[in-house]
Amino acid sequence: MRSRRPSARDRGDYPIGAVITRLIGKREVVIASAGNRVKTSGSSIKHVELETLKYVSSGYGRYLPDFVLYSTHEPCAMCAGACVWSKIGAVVFGVSQEDITAYGKKHGTEEFK
């Protein structure tokens, strides 16, 4: 039985995750997955998109045209830039930055606004 890794939220981080898949023929194979570590690492650049791109690039090379990045929410400008420079094939996200901001203003705590 495989143990479940603690999620970003379980670790006390922002609840954001990402998965990178590789297109192999007509299939997508999961290559990497991770949860955000900004708060627990103490680094403002430990965004999950950057961390997964860095990991996949270390094994598959600088350019990733056959890969897809899935993220919980719209990548920030820094992460979007990394996606452009890596030439990743596609980016798919669940929630826009605009919707996250609106939700935070209405329902967020002081820490998460």
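Residues being acidic (Asp, Glu) and either in contact with a Cys (Cβ under 8 Å, 6 or more places away or on another chain) or under 17 Å from Val91 (Cβ atoms) (or both) are represented in the range 37-53 by at least one member. Here is the figure for the range 65-87: residues that are touching a residue at least 40 places away in the same chain (Cβ under 8 Å) and under 23 Å from Ile24 (Cβ atoms) total 6.
When Ser58 is tested against (1) loosely packed, with under 11 Cβ neighbours inside 10 Å; (2) at positive phi, only condition (2) is not met. In the set Val56, Val95, only one residue is touching a strand residue (DSSP E or B) at 6+ places or on another chain (Cβ under 6 Å) and at pLDDT below 95; that residue is Val95. One residue stands out in the range 61-77 among those that are within 15 Å of Ala90 (Cβ to Cβ) and within 8 Å of the chain's Cα centre (by Cα): the one that is surrounded by the fewest Cβ atoms within 10 Å (Cβ to Cβ), namely Tyr70. One residue stands out among those in the range 8-38 that are of a type in the set (D, E, K, R) and assigned to a helix (DSSP H, G or I): the one that is most open to solvent (accessible area, probe 1.4 Å), which is Arg9. If only residues of the range 43-55 that are under 17 Å from Arg22 (Cβ atoms) and open to solvent by less than 30 Å² (accessible area, probe 1.4 Å) are counted, the one that is farthest from the chain's Cα centre (by Cα) is Leu53.
The values are calculated or read from the model by the stated rules, or taken from the named source; none is laboratory data. Keep in mind it's a predicted model, so treat the numbers as computed, not measured. Every residue, glycine as well, gets a Cβ built from its backbone with ideal geometry; the counts of neighbours run over all protein chains shown. Ligands, DNA and RNA are stripped out before the accessible areas are found, and what is left, the full protein with its side chains, is counted by its heavy atoms. Shrake-Rupley method; radii C 1.70, N 1.55, O 1.52, S 1.80 Å.
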